[in-house]
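One structure is given here, and the rest of the page talks about it.
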Amino acid sequence: MKRFAAFLGASAFAAAAFAQPSYDIAVVPKGTTHEYWKSIHAGALAAADELKAEGVTVNIIWKGPLREDDREQQVQVVENFTSRRVSGLILAPLDARALVAPTEAAVHAGIPVVIIDSGLNSPAPVSTVSTDNYQGGVLGARRLGELLGGQGKVILLRVLGGSTSTEQREAGFLDTMTREFPGIRILSSDQHAGATRDTAYRTSQNLLNRFGREVTGIFAPNESSATGMLLALKDAGLAGGKVKLVGFDSGTQTVAALKSGDLQGLVVQNPFRMGYLGVKTVVASLRGAKVEKVIDTGCGLVTQANMAQPEMADLLHPPLEKYLK
């Protein structure tokens, strides 16, 4: 009997030793409607597939607020995942301050957190995986300044207060315009597009009603603000390059506008890679590996002239259909 019990104990130990590690990883985006977030979701699933092939089972749990201005709902989502004791958490914080307490509570509960897309005012996360958003704003300013020949009047259409990623883009744009293009005047830099294309469209209409006769260039620092401004420019008869427009982030409408000439430049991130590296980083941390505190996923400037180049085409057309079934 003792020999049988010893055999069972040894068998159980061997089974545990050779069992595949399994993790439940929650991914919490800022919103769930824009194509940008779908690219992050696809990248997270791609990482899970790759880890599975290596013998590590990762279950991606995707949940976020519908709108990108619903801080309260995002806080609740993070708190719920903490209560569920997920293995790890990947978060794109809507607000650099409002998400500090729930994030630190998750870390205190033993759940490693990786921040993606936008910064958080806390040292608690194990890593931040994102674009250098300030540099993205620099690229946008230089493209618009070049298009205008260093002379003209421009509008910066802001996105949302409290969102570190877009605030950094806006800062990079304004700093570069002031420093490198003294012949360009900023007509407006205090209006916010809001969380959706519709709110961006209304704000854009108001701006064009006020400045449409003198504005020569516009920078819109995210997908929804660029799309809303595109629609307003078309309605006002100012599209097609009459007013130069530089946007941020790839999407069906922004890419089509770049191809048609309604948009003259697009600063693009790599959200697919962001989601992919977010999962790989949190799993590495769970397995005891040392991870980098900051990981830059890069950004580039796409124009009508270079959009067919392979490296740019990959950024404009991530493989969503392969992973989002």
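Observations on the structure shown:
- Count of the stretch 158-188 residues which are within 18 Å of the chain's Cα centre (by Cα) and outside any helix (DSSP H, G or I): 6
- Residue in the stretch 257-271 that is part of a loop (DSSP other than H, G, I, E, B), of a type in the set (Gly, Ala, Ser), surrounded by fewer than 24 Cβ atoms within 10 Å (Cβ to Cβ) and not assigned by TED's automatic domain parsing to the domain that holds Ala92 present: yes
- Taken over the stretch 21-49, residues that are assigned to a loop (DSSP other than H, G, I, E, B) and over 17 Å from the mean Cα position of the chain (by Cα) amount to 1.
- Residue list for the stretch 131-152, restricted to those being crowded, with 24+ Cβ neighbours inside 10 Å and of a type outside the set (A, V, I, L, M): Thr131, Asn133, Gly136, Gly137, Gly140
- Residues of the stretch 26-80 that are of a type in the set (Val, Ile, Thr) and in contact with a helix residue (DSSP H, G or I) (Cβ under 6 Å, 6 or more places away or on another chain): Val27, Val28, Ile40, Val58, Ile60, Val75, Val78.
- Which numbered condition Gly162 misses (of (1) at pLDDT below 95; (2) surrounded by fewer than 18 Cβ atoms within 10 Å (Cβ to Cβ); (3) within 30 Å of Gly240 (Cα to Cα)): (3)
- Pair list, Cβ under 9 Å, 6 or more apart: the stretch 65-91 residue under 15 Å from Gly110 (Cβ atoms), other residue among the basic types (Lys, Arg): Phe81/Lys63
- Any pair with Cβ under 6 angstrom, 6 or more apart, that starts in the stretch 208-228 at a residue that is within 17 Å of Thr33 (Cβ to Cβ) and assigned by TED's automatic domain parsing to the domain that holds Glu170 and ends at one that is outside any helix (DSSP H, G or I) and modelled with pLDDT under 95: Asn222/Asp249; Glu223/His34; Glu223/Asp249; Glu223/Gly251; Ser224/Thr196
- Residues in the stretch 90-115 that are buried (at least 21 other Cβ atoms within 10 Å of the Cβ), aliphatic (A, V, I, L, M) and in a loop (DSSP other than H, G, I, E, B) were compared, and the one that is farthest from the chain's Cα centre (by Cα) is Ile111.
- Only one of the numbered conditions (1) of a type in the set (A, V, I, L, M); (2) part of a helix (DSSP H, G or I); (3) crowded, with 21+ Cβ neighbours inside 10 Å is not met by Ile155, and that is (2).
- Hits in the stretch 283-301 - residues which are buried (at least 16 other Cβ atoms within 10 Å of the Cβ), hydrophobic (A, V, I, L, M, F, W, C) and farther than 22 Å from Lys322 by Cβ: Ala284, Leu286, Val291, Ile295, Cys299, Leu301
- Unmet requirement for Lys242, which otherwise passes all of (1) in a helix (DSSP H, G or I); (2) assigned by TED's automatic domain parsing to the domain that holds Ser204: (1)
- Taken together, Leu277, Leu316, Leu286 contain a single residue that is over 28 Å from Asn59 (Cβ atoms), outside the structural domain of Gly247 (by TED's automatic domain parsing), touching a strand residue (DSSP E or B) at 6+ places or on another chain (Cβ under 8 Å) and of a type outside the set (D, E, K, R), which is Leu316.
- Any hit, the stretch 55-75, residues being part of a helix (DSSP H, G or I) and small (Gly, Ala, Ser): no
The values are calculated or read from the model by the stated rules, or taken from the named source; none is laboratory data. As the structure is a computational prediction, the values presented were derived from the model and not from experiment. Every residue, glycine as well, gets a Cβ built from its backbone with ideal geometry; the counts of neighbours run over all protein chains shown.
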